[in-house]
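The values are calculated or read from the model by the stated rules, or taken from the named source; none is laboratory data. Bear in mind the structure is a predicted one, so any value in this text is a computation, not a measurement. Here Cβ is always computed from backbone atoms with ideal geometry, including for glycine, and neighbour counts include all displayed protein chains. Just so you know, the surface numbers come from the protein's heavy atoms only, side chains and all, with ligands and any DNA or RNA stripped out. Shrake-Rupley method; radii C 1.70, N 1.55, O 1.52, S 1.80 Å.
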Amino acid sequence: MMLTSQILLWTAVIVQALLIAALARQVGILHERIAPAGALTLHQNVNVGEVASPMTVTTIDGAPIEIGGTRDGRSQLLFFASPDCPVCKSLLPVVRSAATAEADWLDIVIAGDGSKADYQRLIGQHGLSDVPTVLSEALGRAFGVSKLPYAVLLDEAGRVASLGLVNSREHLESLFEAKERGVASIQDFLSRRNKEA
């Protein structure tokens, strides 16, 4: 009786190990098939490829800054954030990193609306004092920002290169990738590629 129970137990363990190995293989296959997700484009007031209406706004330091328009070979990233948004706070180190890494072609502007003191505290906590920050409800409305964090990438001619809801580093970087590939979003690029295949 004892020998039979031991044999059954070991058989069950071996079958379970084989099932786990098969499941791990399937997870690996699924992982390879899943396409990277880019920034989620929502219903917005502007579309990719449109020229954004130039707008002059004032930074929280009192300096005027031009949003949109022709920019002498430089692109402009508008990162809409709020001091009350935990995801926004988690992405600010990524924004700081992008401001440094992409400084040769990209100007970053942090945008929002609310208390100037709250934004100053947020910017100070995340070491972004050298990144212009603007408080303008009109700017958010102009780009149809309804959820945060949201980002809009304007190309050198002031056209909307890419935009969307950004919840991770990958989403933010997908805006740069979409601009580089000349597509509205990474999803558009992947759907085109799948149609060609």
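Some points to look at:
- Residue in the stretch 135-143 that is assigned to a loop (DSSP other than H, G, I, E, B), closer than 22 Å to ALA184 by Cβ, out of contact with any Ser or Thr (no Cβ under 9 Å at 6 or more places or on another chain) and open to solvent by less than 60 Å² (accessible area, probe 1.4 Å) present: yes
- Remark: pairs (first residue in the stretch 176-197, under 17 Å from GLY158 (Cα atoms) and assigned to a loop (DSSP other than H, G, I, E, B); second residue open to solvent by less than 100 Å² (accessible area, probe 1.4 Å) and at pLDDT 80 or above; Cβ separation under 6 Å; 6+ apart in sequence or on different chains) = ALA184/VAL48.
- Here the stretch 150-175 is the region considered, the condition is being in a helix (DSSP H, G or I) and open to solvent by 20 Å² or more (accessible area, probe 1.4 Å), and the residue that is farthest from ILE110 (Cα to Cα) is GLU170.
- Taking residues in the stretch 115-131 that are loosely packed, with under 15 Cβ neighbours inside 10 Å, and partners anywhere that are assigned to a helix (DSSP H, G or I), the pairs with Cβ atoms closer than 7 Å and at least 6 places apart or on different chains are GLY127/ARG96; SER129/ILE123.
- None of LEU135, LEU153, LEU148, LEU139 is aliphatic (A, V, I, L, M), out of contact with any Lys or Arg (no Cβ under 8 Å at 6 or more places or on another chain) and within 19 Å of MET55 (Cβ to Cβ) except LEU139.
- For the stretch 48-61, a tally of residues being open to solvent by 40 Å² or more (accessible area, probe 1.4 Å) and in contact with a strand residue (DSSP E or B) (Cβ under 7 Å, 6 or more places away or on another chain) returns 8.
- All of (1) free of Cβ contacts under 8 Å to residues at least 60 places away in the same chain; (2) open to solvent by less than 10 Å² (accessible area, probe 1.4 Å); (3) aromatic (Phe, Trp, Tyr) hold for PHE79 with one exception: (1).
- Residues (open to solvent by 10 Å² or more (accessible area, probe 1.4 Å), touching a residue at least 12 places away in the same chain (Cβ under 8 Å) and at positive phi) located in the stretch 62-76: GLY69, ASP72, GLY73
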